[in-house]
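Q: Submitted below is the structure of interest, expressed as structure tokens.
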Amino acid sequence: MPTVPARRLPRRRTPAAAAVLSIAVFLGAVLSGCEYEYSADHWDDGSPTVSTAPTTDAALPQDPHRNEPVSGEELEQWVDDALPDAAGQVFHTSYGSVAAGAVHTETTTQLPAGTYSLTLACRSTARVSFTVRNGEESLVDLSLRCGTSRVNVVSLPVDAVLSVQVTGRAAANFAYRVSRI
């Protein structure tokens, strides 16, 4: 028995398939991040050269002097910006300057038992170290990268007077706030 070849039907494309294919090609070109440029060298043969799209960064360049210590009204303005409004009752706020390699130590007023937030901030070209103690007990011992604020939560079981020690490898401004939560 002889075999009969199967009849071939022409393949038909639907308009919907063509539309999907067109959209996919368009999106691929848009999302690829490339653009075509025609350089003067290639005008003769019309072949495009591919280059990456320039990157755009919405962030503004940082001021190289923004971490240098300041004084006077500029220091007070920096403290207002660096120490946001406290949610609880503020018991102690302090700020100032410390020379490179110097140690600056202060004490707070007597604080009643409770939970407190210690907000620490600095302005310097180098890190600044903060050590907060309740008597001999170290509550916070940290080297802070300047330009940011750090909030630490501590619990004081009895009335306490905190000792705050600030040191920096370079000249620095410091600020801290003790607030009851």
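Q: Rounded, prolate or oblate: which one fits the stretch 57-181, using the alpha carbon gyration tensor with axes a ≥ b ≥ c (rounded when a/c is under 1.5, else prolate when a/b beats b/c, else oblate)?
A: prolate
Q: Let me ask something additional. Give the accessible area for S155 in Å² (nearest 10); use a 1.4 Å probe, count only protein heavy atoms, and leave out ligands, DNA and RNA.
A: Number for this one is 80 Å².
Q: Where Lys and Arg each count +1 and Asp and Glu each count -1, what net charge lies around L120 among other residues with Cβ under 10 Å from its Cβ?
A: Working: positive: R150, R177; negative: none.
Computed value for this residue: +2.
Q: Sticking with this one: Working out 0.36 nm times the residue gap between H104 and R150, then minus their Cα-Cα distance, what length gain in nm do you get to one decimal?
A: 14.7 nm
Q: Any idea what Rg and Dmax come out to for the stretch 98-158 if you just take the C-alpha atoms, in Å?
A: 12.7, 38
Q: Let me ask another. Which order do F130, F91 take when ranked by solvent-accessible area (1.4 Å probe, heavy atoms of all protein chains), largest first? Don't skip to the end; give the middle numbers.
A: On the way: F130 0, F91 55 Å².
Greatest to least solvent exposure: F91, F130.
Q: Provide the net charge surrounding V140, with neighbours chosen by a C-beta distance below 12 Å and charges set as Lys +1, Arg +1, Asp -1, Glu -1.
A: Net local charge, V140 excluded: 0.
Q: Just read off the accessible area of T93 with the full protein assembly in place, 1.4 Å probe, to the nearest 10 Å².
A: 60
Q: May I ask you to rank H92, H104 by accessible area, largest first, using a 1.4 Å probe over the protein chains only?
A: Sorted descending by solvent-accessible area, the residues read H104, H92.
The values are calculated or read from the model by the stated rules, or taken from the named source; none is laboratory data. Keep in mind the model is a prediction, meaning the values are calculated, not measured. Cβ atoms come from the backbone with ideal geometry, glycine included; neighbour counts cover every protein chain shown. Remember, those area values only see protein heavy atoms, side chains included, never the ligands or the DNA or RNA. Shrake-Rupley method; radii C 1.70, N 1.55, O 1.52, S 1.80 Å.
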